[in-house]
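The values are calculated or read from the model by the stated rules, or taken from the named source; none is laboratory data. Since the model is a prediction, treat every value here as computed from it, not as a measurement. Positions of Cβ are generated from backbone atoms using ideal geometry, with glycine treated the same way; all protein chains shown enter the neighbour counts. Side chains included, ligands, DNA and RNA excluded: accessible areas come from the protein's heavy atoms. Shrake-Rupley method; radii C 1.70, N 1.55, O 1.52, S 1.80 Å.
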Amino acid sequence: MQILVQKFGGTSVQTEENRNHVINHVKNALVQDNKVVVVVSALGRKPDPYATDTLLELVDFPSNQNSKREIDLLMSCGETIASVVLSSELQKKHIRATALTGAQAGFITNDDFNQAKIKEVKTERILKEFEHHDVVVVAGFQGQTTAGEITTIGRGGSDTTAAALGAALNAEQIEIFTDVNGIMTADPRMVSSARPLDVVTYTEICNLAYQGAKVIHPRAVEIAMQAKIPIRVRSTYMNDEGTLVTSSRVQGKGKDITDRLITGIAHMSSITQIRIQTKEEAHRLQSEVFKAMAEAGISVDFINISPSGVIYTVPEAHTEKALHILETLGFQPEITENCAKVSAVGAGMTGVPGVASRIVQSLTNAGVQILQSADSHTTIWVLINEKDLNAAVNALHDVFQLSGAADEYPIT
């Protein structure tokens, strides 16, 4: 039995008109002799009545006194409603479909409510349903503990649900449907010349996603990569093939890889830089600062450590909390608010000299001040003032000629 997993986000199932596009994609998959698992997010986005954030407003989240367990009960409702609505509309089109919650679909998680981790996916129920149905619509973002408690698996959880099902069912492919036609070289709302990519590697899209690209959740990519299941990112509203995410950037064994230095430019905003200088006991500063951040649940990034102090960044929402902790410890932090992080990602940069130089020069020419930088084998990050974000992303997109055809990426 050939199985295809398709995932549709909240806007894709928001209206009957949008769901008709979804149904057409399901029909196309069935014509190719697939059994189809469809994973859905909650209907629409706030203020739509069944969107997750709208449901949370019913209990005045986050200032309410409900337990995390109860919040999961509430949040799971949106996807459950969406699964039944889509299943019903498929049946009206004479497609044999049925709906399952995450728990019914076999998702067993730990009991870390609101951000549970998947421990196991039992596929027996889905395979049994395929004896009588061609399509199983699964509520994404949710599962249950071994004790039967309903859990949710964090933001981006429907992507993760789809990837986990694809791996567990040994699917032919996982299709992630979005509002855009595949993975773009940059955010098209910021870069008018951004274009979709035909093929990217698992590692490249993971890095792009972790650095701010919102097309697919990196947890989903990592699951698919471990299982060696290809992912295709496509538009709900078009029939184009979109972007294939796989282990190689070339389709066909023995072919030489195209020289593509940079695959895409990602960005994140609303960041605060924290700088702490000290003349004495630098080792105490280093250990106490990061231990305190970890204990407070504050995610830190862009860490630079020197004998005279530390520099790092935190999400803007955690600035006040971080400052309070540091001042309580006796430190005198200096902060730079309204920062943004811009990342150039590409497997082709590994071992190639001059990439960082081109980034620095292009940003300098654009009048963008670099506050901090870091790099790995496949990513170079820069921290800048948020007011320069648009100029920086466009400058990097231009300097690496990402608007051109796939084979127009000069190394020199």
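Got a sec? Charge dipole of the chain, +1 on Cβ for Lys and Arg, -1 for Asp and Glu; which of V352, V200, P188 is way out at the positive end?
Going by the Cα projections, it comes out as V200.
Tell me the angle of helix 389-399 to the major Cα principal axis of the chain, expressed in degrees between 0 and 90 and rounded to the nearest ten.
Taking Cα atoms only, the helix is inclined about 90 degrees.
Would you kindly derive the ³J(HN,Hα) couplings of segment 196-203 from the backbone phi angles with the Karplus curve 6.51 cos²θ - 1.76 cosθ + 1.60 (θ = phi - 60°), listing them in order in whole Hz, with x for Gly and Pro?
x, 9, 6, 9, 9, 7, 4, 5
Given K27/K228; K214/K291; K68/K122; K93/K117; K117/K291, which pairs have Cα atoms separated by over 32 Å?
Exceeds cut-off: K93/K117.
Show the residues, 5+ positions off or on another chain, whose built amide H is closer than 5 Å to the amide H of I176.
When sequence neighbours closer than 5 places are left aside, the close amide H contacts are K7, R232, V233, R234.
Between T151 and residues 5 or more places away or on another chain, which pairs have amide H atoms under 5 Å apart, with H built 1.01 Å from N, and which residues are they?
G143, Q144, T145
Place +1 on the Cβ of every Lys and Arg and -1 on the Cβ of every Asp and Glu in the chain, take the dipole about the Cα centre, and give the residue among A292, Y312, L165 whose Cα lies farthest towards its positive end.
L165
Find the accessible area per residue for the chain; the probe is 1.4 Å, ligands and nucleic acids are left out, and the unit is Å².
So the chain comes to 47 Å² accessible per residue, rounded to a whole number.
Binned at 20 Å from 0, what are the whole-percent values of the Cα-Cα distance distribution for the chain, short to long?
Spelled out bin by bin, the chain gives 25, 52, 22, 1 percent.
With θ taken as phi - 60° and the coefficients 6.51, -1.76 and 1.60, list the Karplus ³J(HN,Hα) couplings across segment 144-151 in order, rounded to whole Hz; mark glycine and proline as x.
8, 7, 5, 8, x, 7, 6, 10
Figure the gain on full extension for S270 and V31 (residue separation times 0.36 nm, minus the Cα-Cα span) and round it to one decimal in nm.
Net length gain for the segment: 81.5 nm.
Enumerate the amide H contacts of V199 below 5 Å, restricted to partners 5 or more residues apart or on another chain; note that Pro and chain-start residues carry no placed amide H.
Distant-sequence amide H within range of V199: L244.
How charged is the neighbourhood of R155? Take every other residue with its Cβ under 15 Å from the Cβ of R155, and add Lys/Arg as +1 and Asp/Glu as -1.
+2
If packing is taken as the mean number of other Cβ atoms within 10 Å per residue, what is the order of 98-106, 372-380, 384-392, highest first?
Descending packing order for the listed peptides: 98-106, 384-392, 372-380.
Of the residues E327, E89, E204, which exhibits the maximal mean-square fluctuation in a Gaussian network model of the chain defined by a 10 Å Cα contact cut-off?
Maximum among the listed residues: E327.
At a 1.4 Å probe, what is the % contribution of carbon and sulfur to the accessible area of the chain?
48
Taking a cut-off of 20 Å between Cα atoms, list the aspartates and glutamates near K119, but don't count ones fewer than 8 places away on the same chain.
Counting by Cα, and skipping residues close in sequence, K119 has these aspartates and glutamates nearby: D72, D111, E149, D159, E222.
Run lengths n ≥ 4 of DSSP H only: what is the helix-derived mean residue ellipticity at 222 nm for the chain, with -39500 (n - 2.57) per run over all residues, to the nearest 500?
Taken over the chain, the calculation gives -10000 deg cm²/dmol.
Quick check: the angle from helix 355-365's long axis to the longest principal axis of the chain, C-alpha only, nearest 10 degrees?
Around 70 degrees separate the two axes.
So, by mean Cβ neighbours within 10 angstrom, what's the order for 180-187, 139-146 with the highest one leading?
Result, highest mean Cβ count within 10 Å first: 139-146, 180-187.
For segment 85-141 and segment 4-76, compute the distance between their C-alpha centroids and round to whole Å.
13
Report, in debye and to the nearest 20, how large the dipole of the chain comes out about its Cα centre when Lys and Arg carry +1 and Asp and Glu carry -1 on their Cβ.
That gives a dipole near 720 debye.
Could you order peptides 356-368, 166-178 by the average number of other Cβ atoms within 10 Å of their residues, highest first?
Ranking, from highest mean packing down: 166-178, 356-368.
What percent do you get for the relative contact order of the chain when only Cα pairs under 8 Å and 6+ apart count?
That works out to 13 percent.
For the chain, find the longest principal axis of its Cα atoms and tell me its angle to the long axis of helix 16-31, 0 to 90°, nearest 10.
70
I want to check the label-to-label distance for A296 and I335. Put each point 7 Å from Cα in the C-beta direction and report it in nm to one decimal.
The modelled label-to-label distance comes out at 0.9 nm.
May I ask you to evaluate 6.51 cos²θ - 1.76 cosθ + 1.60, the Karplus curve with θ = phi - 60°, for each residue of segment 89-100 and list the ³J(HN,Hα) values in order in whole Hz, giving x for glycine and proline?
6, 4, 5, 5, 8, 6, 9, 6, 9, 8, 10, 9
Identify, among S67, N365, T80, the residue whose Cα sits farthest towards the positive end of the charge dipole of the chain, taking +1 on the Cβ of Lys and Arg and -1 on the Cβ of Asp and Glu, with the dipole about the Cα centre.
T80
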